[in-house]
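Taking it in order: structure first as structure tokens, then the write-up.
The values are calculated or read from the model by the stated rules, or taken from the named source; none is laboratory data. These numbers were taken from a predicted model, which means no experiment stands behind them. For neighbour counting, all protein chains shown are included, and Cβ atoms are generated from backbone atoms with ideal geometry for every residue, glycine included. Surface accessibility is based on the protein's heavy atoms, side chains included, excluding ligands, DNA and RNA. Shrake-Rupley method; radii C 1.70, N 1.55, O 1.52, S 1.80 Å.
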Amino acid sequence: MKKSTFPIKKSHFLCTLLFTLLSFNICAQATLINNKGNRNQSYPVITQPKQEIVQLINQVNQSNIESSIRYMQQFFRVAKSPEALIVQNWLIDRFESYGYDVDDISIHFFNMQGTQLEAGNVVVVKKGTEFPDEYIMITSHYDHSTYDIAVGPGADDNASGTSGVLECARLLKNIPTKRSILFVPFNAEEYWMVGSLPFAKKCAEENMNIIAHFNMDMIGWFPPDNPNTLMASGYSNISKALFEYYHQTANIYVPSIPTIRLSEGDSYGGDHMPFNMYEYPSLYIGDIEYHSQHPCYHQMCDTIGPYQVGVKCGVNRLDLAKAFVQAVLASSTELANAWLPPQNLSACSGIDKIKVSWDNNSESSSYKLFRNGAFVGETADNFYEDQDVELGNKYEYYVIAVHKENGQESAPSFKDEVTFVTPLQLPYFNDFTENRHGFEQSNWVIKTISNKTSLCNTAETVAFPDNYLSIAELDWFPIPENTENIAIRFKWADTIRGIWYNARLFFEVTNDRKTWHKLAQITGDNPNWVNCEISLNQFINSDFFQARFRLESSGAQSLHIKKGYITDIEIDYVLGEESIKELPSYFSTFNVTPNPADTFINIITNQQTPYHVAIYDLTGKIVFAQAHFNDGMLDVASLQKGIYFVVASTQGHRVAKKVVIQ
């Protein structure tokens, strides 16, 4: 037994980002991992079964599943017990019997309550032939019993899921796959995912590219009085696209037992949840949909028994366990060899265009770009500069790849929606007028999944709906290379709590809209205003920079909030003295008179060609914009009293003046 972590290529990523707290520990960063994740992973569309995969899943052996469950149910597998170590070593023997050698198998050890457990996570790697650094995970947990108490043999929870991992590993051993597959029976799930948490964190720190994670947990029991046998799976926002792929694939390959989504959502515990925390798409696979009806959940009767009304047992449907294994095996095999849609698509505003980019794919010859559902054009490049855009309009982009050998088209990529705006004028300040601001009154771009769009604004603490997501984005802006210091400040008040780390309010930033870096987690119980200050110096010399607040729950009842507000958002920066230069030749002068003004302003640049002019309020919102403007007068009588910025731009250059309307 090797005492080493799993053999995965390590890659370096951005260092931890600096931020400063002004008061209280409200912007917690201790557990924030600045990882790539796969939140926007997209998947192929499966329309018909492949004969070779049908032949593969027909080899799933129900007797093997039963035999493995019967072996494990002999032991009360408390995570730190000798019995857990016995089962761990037995699992290693089983993997070796399938042909996995010493270089394929390792143990990921971890600490629990300050002590390293003797039994760890068993990790088996089946290396891919073409994309070895892209991973599909098939996992379970082999421990049972909770908090040192032997509450039963755990046939269903979770010898059943672990037997499924073994059967998948057996059948896939000699099947060539383009991508790597990880088989991981975790230990200490019953201690609230103590084993999978550090493993998922390690994956995130090493920036592993995990395409999909299927976690089998309790796959062998079904209510005897329910005539309609079903297979259930849970997902969070991060995993929605993966569930849609799995749901479609499972129902094609295993049509006799339909696959459904858990009605309870995805807030239940399971080893998929730590991966969701680090933004990896992960599914719970198992019939915890009927958990409340299970008579032997964490009981002494959790053993194999008959499928009969009135009989208490843990595993009563070995045929159901077999079907779950077939569904996971088919979905994993399809994905391990699939031609994936274009990945990591993003759309970023520029001065005079929106730049759309995505990852190149060696199997693709060209890409078809779509804007707001309409075909725009085809390109062999992995980017497109869209100049046919108008200020203030929203545009949604996605691409479809064309296969270089057969000319087939892929499934659509992830869709990114962006509002075309000119850069946010710095310094920026927004007090939202009424001093307190809930998301529902936001002037930012609001994107919402679910039937609500705001933080809760009630007197009582309220649980958020299933898989709630609301994102509030500030407009983009560049951070010049001669910036000496730049920071964002804001105030937060009142209470927000989440069951899981990813059920929280986060402050995030990006310089490409592909990776959003978590800089702060906003949570706590603070009835008074709390100041947060976060340094953005890590992103100096970014041509494109954007910040956002993301409020998200994971499953039903996982997020609770009482009167959540953000106000007084301010972005301030200091430029070095060497940065003070004359205006560029494009704008040899830039005068706005009178200042203060009341009914009109006169703009003089001496620019010989037309340019773009815009007026921003202090929130960064455009209140006036005109293309092809020539020097002259603008009517500002309709503007409310206050401070504004007049911005002139052309050919990538821009100048600004502060103007007071009185």
Condition set open to solvent by 40 Å² or more (accessible area, probe 1.4 Å) and hydroxyl-bearing (S, T, Y), scope the stretch 589-604, selection farthest from T650 (Cα to Cα): answer is T599
Condition set open to solvent by 60 Å² or more (accessible area, probe 1.4 Å) and among the hydrophobic types (A, V, I, L, M, F, W, C), scope the stretch 71-103, selection farthest from Q116 (Cα to Cα): answer is V102
With criteria (1) within 21 Å of R317 (Cα to Cα); (2) in contact with a helix residue (DSSP H, G or I) (Cβ under 7 Å, 6 or more places away or on another chain); (3) outside any loop (DSSP other than H, G, I, E, B), G161 comes up short on (2)
Residue check, V60 outside any loop (DSSP other than H, G, I, E, B) and within 33 Å of the chain's Cα centre (by Cα): no
Of those in the stretch 352-376 that are among the hydrophobic types (A, V, I, L, M, F, W, C) and over 25 Å from the mean Cα position of the chain (by Cα), the residue surrounded by the fewest Cβ atoms within 10 Å (Cβ to Cβ) is A374
Condition set open to solvent by 40 Å² or more (accessible area, probe 1.4 Å) and either assigned to a strand (DSSP E or B) or of a type in the set (S, T, Y) (or both), scope the stretch 104-130, selection nearest to D93 (Cα to Cα): answer is Q116
Residue pairs within 8 Å by beta carbon, gap of at least six or interchain, first lying in the stretch 56-78 and aliphatic (A, V, I, L, M), second in a loop (DSSP other than H, G, I, E, B) and open to solvent by 60 Å² or more (accessible area, probe 1.4 Å), listed first then second, are V78/D148
Subset of the stretch 527-555, residues closer than 18 Å to I569 by Cα and open to solvent by 10 Å² or more (accessible area, probe 1.4 Å), comes to N528, W529, N531, E533, S535, N537, Q546, R548
Is it the case that Y191 is of a type outside the set (A, V, I, L, M, F, W, C) and more than 21 Å from the chain's Cα centre (by Cα)?
yes
Residues of the stretch 420-448 being under 15 Å from E473 (Cβ atoms) and either at pLDDT 90 or above or open to solvent by 60 Å² or more (accessible area, probe 1.4 Å) (or both), in sequence order, are F420, N443
query = Residues in the stretch 233-254: is at least one in a strand (DSSP E or B), over 30 Å from T115 (Cβ atoms), at pLDDT below 95 and open to solvent by less than 40 Å² (accessible area, probe 1.4 Å)?
reply = yes
Q. Looking at V184, is it free of Cβ contacts under 8 Å to residues at least 60 places away in the same chain, farther than 18 Å from H298 by Cβ and buried (at least 21 other Cβ atoms within 10 Å of the Cβ)?
A. no
When every residue in the stretch 648-662 that is at pLDDT 85 or above and touching a Pro at 6+ places or on another chain (Cβ under 6 Å) is compared, the one surrounded by the most Cβ atoms within 10 Å (Cβ to Cβ) is V660
When restricted to Y397, Y367, the only residue assigned to a strand (DSSP E or B) and under 24 Å from D475 (Cβ atoms) is Y397
(1) open to solvent by less than 10 Å² (accessible area, probe 1.4 Å); (2) more than 24 Å from P255 (Cα to Cα); (3) not in a loop (DSSP other than H, G, I, E, B) all hold for L329 apart from (2)
Over the stretch 182-227, the set of residues assigned to a loop (DSSP other than H, G, I, E, B), under 22 Å from H144 (Cα atoms) and not charged (D, E, K, R) is N187, A188, W192, M193, V194, G195, M218, I219, G220, W221, F222, P223
Checklist entry - Do we find that S68 is modelled with pLDDT under 95 and crowded, with 16+ Cβ neighbours inside 10 Å in this structure? => result no
Checked pairs for the stretch 483-506, first more than 14 Å from E533 (Cα to Cα), second assigned to a loop (DSSP other than H, G, I, E, B) and at pLDDT 80 or above, C-beta under 7 Å and 6 or more apart or across chains, list as T483/I540
Here the residues within the stretch 165-181 that are under 27 Å from the mean Cα position of the chain (by Cα), in contact (Cβ under 8 Å) with a residue 60 or more places away in the chain and assigned to a helix (DSSP H, G or I) are C168
Note on the stretch 264-296: residues farther than 22 Å from R504 by Cα, assigned to a loop (DSSP other than H, G, I, E, B) and either out of contact with any Asp or Glu (no Cβ under 6 Å at 6 or more places or on another chain) or not small (G, A, S) (or both) are D287, H294, P295, C296
Counted residues in the stretch 377-397 being open to solvent by 30 Å² or more (accessible area, probe 1.4 Å) and within 28 Å of the chain's Cα centre (by Cα) come to 9
**Prompt:** Hey, any hits in the stretch 150-158 for a residue that's free of Cβ contacts under 8 Å to residues at least 60 places away in the same chain and open to solvent by 20 Å² or more (accessible area, probe 1.4 Å)?
**Reply:** no
Any residue at all in the stretch 536-546 that's under 21 Å from the mean Cα position of the chain (by Cα), part of a strand (DSSP E or B) and at pLDDT 90 or above?
yes
Of the residues in the stretch 605-647, those that are modelled with pLDDT under 85, open to solvent by less than 30 Å² (accessible area, probe 1.4 Å) and among the small types (G, A, S) come to A614, G620
Please verify whether the stretch 301-309 includes one or more residues that are farther than 22 Å from S63 by Cα, under 24 Å from the mean Cα position of the chain (by Cα) and part of a loop (DSSP other than H, G, I, E, B). no
